[in-house]
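Throughout, read-outs are computed from the coordinates displayed, never taken from laboratory work. None of these values were measured; they are calculated from a predicted model. Please note: Cβ atoms are built from the backbone with ideal geometry, for glycine as well, and neighbour counts cover all protein chains shown.
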Amino acid sequence: MQQDMVDGLLEQWRRVRPDLDPEPMAVVFRIKRLARLFERATSRSFSAHGLEPIEFSALATLRRLGAPYRMSMGQLGHALLLASGTTTNRVDRLERAGWIRRLDDPADRRGVLVELTTAGLRKVDAAVEQHLRVEAALIAALGDSQRAQLVGLLRKLVVALDEPLEPAHGDAAEPAAPTKEGGPRLARRSKPARVR
């Protein structure tokens, strides 16, 4: 069986601490290693389109809403898990590039909406097409059934550990999944301050 760098780490731990079972590391170390490799590859893809990963995420968040590709600044910051100041800085940069525009919120005199421009729509559509090609190449070593199995296993871990995001536009919230089988629930992340 082919081995990777994690196998060597586990063997070292077994040798120096034979009283411990390092098997959890077999999963967690590999997920962390893959996350770094995936981030490196996808960051290059976004860079080719003049985008940073968080900027792609902002454009993609608006694109997934469908026309008119619009949401409040607060909703965008919450979806991206960004603090208000960071959200404003990212929106400023995307607005200067001509990919989004700010609008007054007719439902809130102090509110600001963020909307994709035509140029932004073209930008994110081109970027997501290349992004999917890159991601397909990253998991090409797995067959269809292996991918389906991995998706199921990863989903199970996410459901057990993650906190659901609050929905945008008044959609019904998904209930928090109970931690069956004794899985620990991670502490809730502090929410970014709302942006007006």
> Quick check, is residue 47 without any contact (Cβ under 8 Å) to a residue 12 or more places away in the chain, in contact with a helix residue (DSSP H, G or I) (Cβ under 6 Å, 6 or more places away or on another chain) and either under 16 Å from residue 116 (Cα atoms) or polar (S, T, N, Q) (or both)?
Replying inline: no
>> Return the pair list, or none, for Cβ contacts closer than 6 Å from residues in region 1-26 that are surrounded by 10 or more Cβ atoms within 10 Å (Cβ to Cβ) to residues that are basic (Lys, Arg), at least 6 apart or on different chains.
In response: 6/30
> residue 61 is checked against (1) more than 10 Å from residue 114 (Cβ to Cβ); (2) under 15 Å from the mean Cα position of the chain (by Cα); (3) free of Cβ contacts under 8 Å to residues at least 60 places away in the same chain and fails just one. What number does that condition carry?
Replying inline: (1)
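Of the residues 105, 92, 144, only one is surrounded by fewer than 14 Cβ atoms within 10 Å (Cβ to Cβ) and farther than 23 Å from residue 51 by Cα; which?
Of 105, 92, 144, the one residue that is surrounded by fewer than 14 Cβ atoms within 10 Å (Cβ to Cβ) and farther than 23 Å from residue 51 by Cα is 144.
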